[in-house]
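Okay, structure first, notes after.
The values are calculated or read from the model by the stated rules, or taken from the named source; none is laboratory data. These numbers were taken from a predicted model, which means no experiment stands behind them. Neighbour counts run over all protein chains shown; Cβ positions are idealised from the backbone, glycine included.
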Amino acid sequence: MKTKQKTVRISIIGFGNVGGGVAEVIKRKREEITRKYGIDIKIVGIADMKSVIVNENGLSDDAIMKLKTGEKPEYVTTLDVIKEVEHEVMVEATPTNVVSGEPGLTHMITALESGRHVVTSNKGPLALQYRKLMELTTKKGKEMRFEATVGGAMPIISLVRENLAGNGIMSIEGILNGTCNYILTRMVEEGLPYEHVLKEAQERGIAEADPSKDVAGTDTAVKLVILANSVFGRDATYKDVDVAGITDITPEALKLANDAGYVIKLIGEVDRDECLKVAPRLVPKDDPLNVGGTLNVATIKTDLAGDITVIGKGAGPIEAASAILSDIIGIYM
Ligand SMILES: NC(=O)c1ccc[n+]([C@@H]2O[C@H](COP(=O)([O-])OP(=O)(O)OC[C@H]3O[C@@H](n4cnc5c(N)ncnc54)[C@H](OP(=O)(O)O)[C@@H]3O)[C@@H](O)[C@H]2O)c1
């Protein structure tokens, strides 16, 4: 247990599902975090597209609740909050954009230039400009942590960096998109066609109204690029990934696979050499990668520890917030 208490002031940029989840978990866990880690986390600024709220002494839970009513302080833009409000960590949770990386890329660069650490769930900037962001992070003597970008609550990046330190990592393969996994699982269970199950997933809020990024494999590809760069030290971008999605998989193909003792899963694979691939693959039913529903899974192949497989919830506001919270704490451990 830490003896000296440290106040860590954070901003939350992007206050949707994940940003709101971060405020919620901090509210729930504040006392426990202070007791266990000696860190008092204060949220000093929050910004979304419509509203900005700031209190340099820490926003009250009431003020955070009322955010959507739109208090307008002197800091009127998101960038003002990042630059002008004194704080240690910027949490970036705006929408992922894999074309330009914006607005997250500018938020991250501004935060680092302003002397803030960055913790993010936003995949776009990392998939496009990983090297540039890391160089700036090092130059500024700060940290950039992004566990929530790959596998949500499921630890991969910190697992490899911390718990598997000293191991050579040969490859990582797994299911990194819960929507695709849900669709394939339901197609097998019900023998129903893709379109039918997609509609069901949309009705249940598991697939988005525009599911294209998930089902075409783009989301998995973006996560693989983050792993390629952060775990394997490669300099990959999204365009380097060989991508196929799940839209052409039929109930007949799933049945044939099933009869032969396999399931079909959308698997992302990355290694330290050339491999950077997303494609539907036959997986033996007794393989650890055969997880159902919206679960994510990854097998990390190492030289000393052998194969390590992690399974967990790849999405969800509280799950992503869990990864963000542990990244914030990790900066000060
Ligand atoms: N949801 C998950 O389970 C999950 C899991 C892992 C990673 N992620 C990633 O985490 C990020 C956030 O996801 P989410 O589900 O929370 O998305 P979301 O609900 O759409 O929230 C995005 C937030 O960003 C705000 N925003 C957009 N542009 C902004 C700008 N220029 N300045 C300030 N705020 C801005 C939006 O404001 P308005 O509401 O005013 O438009 C909204 O509050 C995404 O990159 C996503 O890929 C999500």
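Looking at region 8-28 only, could you name the residues that are within 17 Å of residue 331 (Cα to Cα) and not polar (S, T, N, Q)?
8, 9, 10, 12, 22, 26
Name the residue, out of 167, 97, that is over 30 Å from residue 303 (Cα atoms) and of a type outside the set (Gly, Ala, Ser).
Just a single option satisfies the conditions, and that option is 97.
Quickly run through region 132-155 and pick out the residues that are more than 15 Å from the ligand (Cβ to nearest atom) and of a type in the set (Val, Ile, Thr).
137, 138
Looking at (1) under 18 Å from the mean Cα position of the chain (by Cα); (2) part of a strand (DSSP E or B), find the lone condition where residue 281 falls short.
It fails just one condition, (1).
Is one or more of the residues making up region 36-56 in a helix (DSSP H, G or I), modelled with pLDDT of 95 or more and over 19 Å from residue 115 (Cα atoms)?
Yes.
Against the conditions (1) among the hydrophobic types (A, V, I, L, M, F, W, C); (2) more than 26 Å from residue 242 (Cβ to Cβ); (3) surrounded by fewer than 18 Cβ atoms within 10 Å (Cβ to Cβ); (4) within 15 Å of the ligand (Cβ to nearest atom), where does residue 305 fall short? Just the number, please.
(4)
Check whether at least one residue in region 294-303 is part of a loop (DSSP other than H, G, I, E, B) and without any contact (Cβ under 8 Å) to a residue 60 or more places away in the chain, and report yes or no.
Looking for residues that are part of a loop (DSSP other than H, G, I, E, B) and without any contact (Cβ under 8 Å) to a residue 60 or more places away in the chain, one finds none in region 294-303, hence no.
To keep it simple, each residue is scored yes or no on (1) more than 16 Å from the ligand (Cβ to nearest atom); (2) outside the structural domain of residue 119 (by TED's automatic domain parsing).
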| position | (1), (2) |
| --- | --- |
| 266 | yes, yes |
| 271 | yes, yes |
| 277 | yes, yes |
| 280 | yes, yes |
| 285 | yes, yes |
| 288 | yes, yes |
| 295 | no, yes |
| 321 | no, no |
| 326 | no, no |
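Pairs, please: C-beta under 6 Å, at least 6 apart or cross-chain, first residue outside the structural domain of residue 201 (by TED's automatic domain parsing) and in region 159-187, second crowded, with 23+ Cβ neighbours inside 10 Å and hydroxyl-bearing (Ser, Thr, Tyr)?
Nothing qualifies.
Just for region 57-72: of the residues that are within 12 Å of the ligand (Cβ to nearest atom) and within 25 Å of the chain's Cα centre (by Cα), which one is modelled with the highest pLDDT?
Out of the qualifying residues, it is 67.
So which residues in region 1-21 are within 13 Å of residue 89 (Cα to Cα), of a type in the set (A, V, I, L, M) and surrounded by 21 or more Cβ atoms within 10 Å (Cβ to Cβ)?
Listed by number, the residues that qualify are 10, 12, 13.
I'd like the residue in region 87-140 that is in a loop (DSSP other than H, G, I, E, B) and of a type in the set (S, T, N, Q) and, out of all such residues, is nearest to the chain's Cα centre (by Cα).
121
When the residues of region 26-56 are narrowed to those that are small (Gly, Ala, Ser) and within 15 Å of the ligand (Cβ to nearest atom), which ends up surrounded by the fewest Cβ atoms within 10 Å (Cβ to Cβ)?
51
Report, by residue number, each residue of region 1-35 that is of a type in the set (S, T, N, Q) and assigned to a strand (DSSP E or B).
Matches in region 1-35: 7, 11.
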